[in-house]
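The values are calculated or read from the model by the stated rules, or taken from the named source; none is laboratory data. Predicted model, so just to flag it, every value in this text is computed and none were measured. Don't worry about glycine lacking a Cβ; one is built from the backbone with ideal geometry, like all the others, and counts go over all protein chains shown. All accessible areas refer to the heavy atoms of the entire protein, side chains included, with ligands and DNA or RNA removed. Shrake-Rupley method; radii C 1.70, N 1.55, O 1.52, S 1.80 Å.
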Amino acid sequence: MNDNASLTSHSPIASDGDGFLLHDEDRAAILEERDHYEQPQAACIEALKIVQRRHGWVPDGAIPAIAEVLGVGPASVEGVATFYSLIFRQPVGRHVILICDSSSCFLTGFDELREAITAELGIEFGQTTPDGRFTLLPVCCLGACDRGPAMMIGDDTFGPVPPDAVAELLKEYS
Amino acid sequence: MTSSPASLRYHSQLRQSAAERLAETHPLTWRLREDGALIGLEEYVEKEGYAAVKKVLGKQSGQDVIGTMKEANVRGRGGAGFSAGVKWSLTMQGGDLARGYIVCNADEMEPGTFKDRLLLEQQPHLLIEGMILGGYANNSCYGYIFLRGEYIEAARAVSRAIGEARAAGWLGKNIAGSGFDFDIALHTGAGRYICGEETALINSLEGKRANPRNKPPFPGQSGAWGKPTVVNNVETLCNVPAVMQHGAKWYQGLSGGLSDDGGTKLYGVSGRVNRTGLWELPIGTSAAELMDRAGGVRDGRALKTWLPGGGSTGFLLPEHLELALDFDTIGQYGSRLGTGLLTVVTEDQSVVSLVRNLEAFFARESCGWCTPCRDGLPWTLKILQSLERGEGEQGDIELLESLATDLGPGRTFCAHAPGAAMPLESSIRHFRHEFEAGITHRRHAAHADPIPVGEV
Ligand SMILES: Cc1cc2nc3c(=O)[nH]c(=O)nc-3n(C[C@H](O)[C@H](O)[C@H](O)COP(=O)(O)O)c2cc1C
Ligand code: SF4
Ligand code: FES
């Protein structure tokens, strides 16, 4: 099992979403989460994150599977899955890049950083590189404003990231 | 020169030497190490950690704790400044009422805010101790730390600290032999700024979409799973141990006459200054002092304007730098203290562009429940984008003003929309000429020829 603090990092084997099967370890982890709360629905977000840590995203088949484990309706799981910005409902790259687009970073070079990354990778926000290596997304203030412009790659936070350091930095993530 | 990837890694950092930070004057940060490493249980206990829990549990009543907190007047550090003691006194308890919950709001996503991260990553035991005391006062059976999903290092630090505290008997049954049972779980989020609004946070904790709830009932009456629930910010809760250890009078005295409020504040500065960072200073310290510590504006530029406490506070001018940074003072100048972390804007930076950036944030992060917020914010954004490109039309500024009124207090279920209105209204009030330039600017080839930053 991956580090359970992890946000967008996931196992290298990404699923295509067909014939979804909930992994036994994940089922156990979801059941354990459930016990932290008064009602099972509360474990829903963590359950989605557990699935995402394994598959990289939340395939459609995961929704009824999670609903079944928690004993709640699939519609309520789906409603939650589509609300939160860091639950991915389509495949993402091996590494998700989150660039802070909030005010302090805007004032300290967000535009230049975004341009350097889009130029380096040839993708815009919301897209994944054709080789499946990176997905690029904007994110709310990362709480790293004293070192803007800030960004995350997988679970790692960086800042300030000068545009000319982008190529070197991305090399670390294969 | 290119920097190596390792040197680009972000580490939360306090800008004060250990010599400056004393237990008597810096209740939030005196234990923090110069190297910024995590304070584990052993070190925390060596440095008077859990002393307040030992002093209070089983020896004072919950109502005594609330009384001390009321007298200390610890004002909510999440941004609204509501007295924690007063909030706690409104939590329903007693009779045959079931015990409720205490929830720490560690969702920190307010643009320009990076203070709770420091406390979470480097001193999670202080928060846990504050939550035990808060749980005791509010008769909570359980605590949750609602942490934004992106704070990976904080999640690791907090999980480790909860485990250590449990193993040492600071969490669990019969804490320190007092008969008080209480435990804490970490709940990590999955994005969305609105989760930080306290009733949206409760919905999110319950595994639902993070729409705020209608109030009343307030969380203290009916919160998580219908039980009385207290929601407090990380920094607020981190003040509790020292208040209980040293008393309300001591806490009041910390501000040294700079403010009617007591205690210290984790202040910060971001934007183009020489030394961005965080400092624990008496509440009521002036922005001028902070700017001084931040080494002034970078590159020899002049200061144009500043936000006192995040994206949902109002713009202030250089002439306001001498004001005391406390809730009541800043509230008198068309702004709010908010989180107390300054965002600095220099003379060459466009206010219209910055407000466009802020309103894009608020529009994207609206939960969509109330019409002024769901529809008014995208409309606001569109107008700002056209002004930014020099494509504004006569009447646009008046329209923005009326949108700011419609977004204002009392018209929506939560304070997200009023938070969006404040920078909008205040920027037009102070910098109307920059908005006007977006209408009168030459109009040819506007898309290919945006108004350069600083020209408007
Ligand atoms: C849109 C919105 C976002 C908020 N985000 C946060 C947040 O991230 N952290 C926080 O402590 N308070 C946040 N608040 C304030 C909370 O609603 C609440 O007032 C606070 O958690 C109470 O704690 P305090 O009294 O200790 O400040 C937010 C409010 C709104 C309207
Ligand atoms: S003001 Fe905005 S964010 Fe708040 S409840 Fe209404 S629509 Fe949702
Ligand atoms: S504004 Fe980018 S990290 Fe805060």
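Does B:G189 fit the bill of being open to solvent by 20 Å² or more (accessible area, probe 1.4 Å), touching a residue at least 60 places away in the same chain (Cβ under 8 Å) and touching a strand residue (DSSP E or B) at 6+ places or on another chain (Cβ under 8 Å)? Can you show your working first?
Details: open to solvent by 20 Å² or more (accessible area, probe 1.4 Å): no; touching a residue at least 60 places away in the same chain (Cβ under 8 Å): yes; touching a strand residue (DSSP E or B) at 6+ places or on another chain (Cβ under 8 Å): yes.
Against the criterion (open to solvent by 20 Å² or more (accessible area, probe 1.4 Å), touching a residue at least 60 places away in the same chain (Cβ under 8 Å) and touching a strand residue (DSSP E or B) at 6+ places or on another chain (Cβ under 8 Å)), B:G189 does not qualify.
Looking at the range B:232-250, is at least one residue of a type in the set (F, W, Y) and within 14 Å of chain A (Cβ to nearest Cβ)?
Filtering the range B:232-250 down to residues of a type in the set (F, W, Y) leaves B:250.
Subset that is within 14 Å of chain A (Cβ to nearest Cβ): none.
The answer is no; no qualifying residue exists.
Right, B:N174: more than 16 Å from ligand 2 (Cβ to nearest atom), open to solvent by 40 Å² or more (accessible area, probe 1.4 Å) and more than 9 Å from chain A (Cβ to nearest Cβ) or not? Step through it out loud before you land on a result.
On the way: more than 16 Å from ligand 2 (Cβ to nearest atom): yes; open to solvent by 40 Å² or more (accessible area, probe 1.4 Å): yes; more than 9 Å from chain A (Cβ to nearest Cβ): yes.
The answer is yes for B:N174.
So if I check each of B:R336, B:R374, B:R411, which one is more than 20 Å from B:W306 (Cα to Cα) and in a loop (DSSP other than H, G, I, E, B)? Outline the logic, then answer.
Values: B:R336 fails: more than 20 Å from B:W306 (Cα to Cα); B:R374 fails: in a loop (DSSP other than H, G, I, E, B).
Sole residue among the options that is more than 20 Å from B:W306 (Cα to Cα) and in a loop (DSSP other than H, G, I, E, B): B:R411.
Restricted to the range B:269-280, and to residues that are open to solvent by 10 Å² or more (accessible area, probe 1.4 Å) and not hydroxyl-bearing (S, T, Y), which residue is nearest to the other protein chains (Cβ to nearest Cβ)?
Pass one, the range B:269-280, residues open to solvent by 10 Å² or more (accessible area, probe 1.4 Å): B:272, B:274-276.
Among the residues that remain, those that are also not hydroxyl-bearing (S, T, Y) are: B:272, B:274-275.
Working: B:R272: 6, B:N274: 12, B:R275: 9 Å.
Applying the filter and picking the extreme gives B:R272.
Working only within the range A:74-97, note down all residues that are at the interface with another protein chain (Cβ under 7 Å from one of its Cβ atoms) and either more than 18 Å from A:R54 (Cα to Cα) or within 16 Å of ligand 1 (Cβ to nearest atom) (or both).
So in the range A:74-97, the residues at the interface with another protein chain (Cβ under 7 Å from one of its Cβ atoms) come out as A:79-80, A:83-87.
Matches in the range A:74-97: A:G79, A:V80, A:F83, A:Y84, A:S85, A:L86.
For B:S255, work out the one condition from (1) outside any loop (DSSP other than H, G, I, E, B); (2) among the small types (G, A, S); (3) in contact with a Pro (Cβ under 6 Å, 6 or more places away or on another chain) it doesn't fulfil.
All conditions pass for B:S255, except number (1).
Look through B:A167, B:A154 and report the one residue that is over 26 Å from A:L142 (Cβ atoms) and either more than 14 Å from every other protein chain (Cβ to nearest Cβ) or buried (at least 17 other Cβ atoms within 10 Å of the Cβ) (or both). Break it down into steps so the answer makes sense when it comes.
Working: B:A154 fails: over 26 Å from A:L142 (Cβ atoms).
None of the others qualify; the one that does is B:A167.
Quick check: is even one residue across the range B:117-139 closer than 21 Å to B:L14 by Cβ and out of contact with any helix residue (DSSP H, G or I) (no Cβ under 8 Å at 6 or more places or on another chain)?
At the first step, the residues of the range B:117-139 found to be closer than 21 Å to B:L14 by Cβ are B:117-130.
Among the residues that remain, those that are also out of contact with any helix residue (DSSP H, G or I) (no Cβ under 8 Å at 6 or more places or on another chain) are: B:118.
So far as the range B:117-139 goes, yes, one or more of its residues are closer than 21 Å to B:L14 by Cβ and out of contact with any helix residue (DSSP H, G or I) (no Cβ under 8 Å at 6 or more places or on another chain).
If only one of B:C238, B:C141 is open to solvent by less than 40 Å² (accessible area, probe 1.4 Å) and on the phi < 0 side of the Ramachandran plot, which one is it? Quick ask: steps written out before the conclusion?
On the way: B:C141 fails: open to solvent by less than 40 Å² (accessible area, probe 1.4 Å).
Answer to the selection: B:C238.
Per-residue answers, yes or no, for (1) open to solvent by less than 10 Å² (accessible area, probe 1.4 Å); (2) of a type in the set (S, T, Y); (3) free of Cβ contacts under 8 Å to residues at least 40 places away in the same chain:
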{"residue": "B:G311", "(1), (2), (3)": "yes, no, no"}
{"residue": "B:T346", "(1), (2), (3)": "yes, yes, no"}
{"residue": "B:V352", "(1), (2), (3)": "yes, no, no"}
{"residue": "B:S366", "(1), (2), (3)": "no, yes, no"}
{"residue": "B:T371", "(1), (2), (3)": "no, yes, yes"}
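Please enumerate the residues belonging to the range B:1-31 that are farther than 21 Å from B:G295 by Cβ and touching a Leu at 6+ places or on another chain (Cβ under 8 Å).
B:P5, B:L8, B:T25, B:P27, B:L28, B:W30, B:R31
Confirm whether B:Y144 is within 14 Å of chain A (Cβ to nearest Cβ) and either more than 16 Å from ligand 3 (Cβ to nearest atom) or of a type in the set (V, I, T) (or both). Spell out how you get there, then give the answer.
Values: within 14 Å of chain A (Cβ to nearest Cβ): yes; either more than 16 Å from ligand 3 (Cβ to nearest atom) or of a type in the set (V, I, T) (or both): yes.
Spelling it out, B:Y144 is indeed within 14 Å of chain A (Cβ to nearest Cβ) and either more than 16 Å from ligand 3 (Cβ to nearest atom) or of a type in the set (V, I, T) (or both).
Quick one: which helices (runs of 4 or more DSSP H) sit completely within the range A:72-169 and have at least 1 residues that are among the aromatic types (F, W, Y) and either touching a residue at least 24 places away in the same chain (Cβ under 8 Å) or crowded, with 20+ Cβ neighbours inside 10 Å (or both)? Reasoning before the result, please.
Numbers: elements: A:74-81, A:103-108, A:110-121.
Hits in the range A:72-169: A:103-108, A:110-121.
Is there a residue being in contact (Cβ under 8 Å) with a residue 12 or more places away in the chain, within 10 Å of chain B (Cβ to nearest Cβ) and within 16 Å of ligand 1 (Cβ to nearest atom) anywhere in the range A:58-71?
Looking for residues that are in contact (Cβ under 8 Å) with a residue 12 or more places away in the chain, within 10 Å of chain B (Cβ to nearest Cβ) and within 16 Å of ligand 1 (Cβ to nearest atom), one finds none in the range A:58-71, hence no.
Give me a count of the residues in the range B:193-230 that are crowded, with 23+ Cβ neighbours inside 10 Å and either more than 16 Å from ligand 3 (Cβ to nearest atom) or more than 9 Å from chain A (Cβ to nearest Cβ) (or both). Break it down into steps so the answer makes sense when it comes.
So in the range B:193-230, the residues crowded, with 23+ Cβ neighbours inside 10 Å come out as B:193-198, B:200-202, B:204-205, B:207, B:210, B:219, B:223-224, B:228-230.
In the following step, the residues that additionally are either more than 16 Å from ligand 3 (Cβ to nearest atom) or more than 9 Å from chain A (Cβ to nearest Cβ) (or both) were identified as B:194-198, B:200-202, B:204-205, B:207, B:210, B:219, B:223-224, B:228-230.
Selection size over the range B:193-230: 18.
Working carefully through the options A:A62, A:A81, A:A42, find the one that is more than 26 Å from A:G143 (Cβ to Cβ) and away from ligand 3 (no atom under 16 Å from the Cβ). Don't jump to the end; show me each part of the working.
Values: A:A81 fails: more than 26 Å from A:G143 (Cβ to Cβ); A:A42 fails: more than 26 Å from A:G143 (Cβ to Cβ).
Exactly one of A:A62, A:A81, A:A42 is more than 26 Å from A:G143 (Cβ to Cβ) and away from ligand 3 (no atom under 16 Å from the Cβ), namely A:A62.
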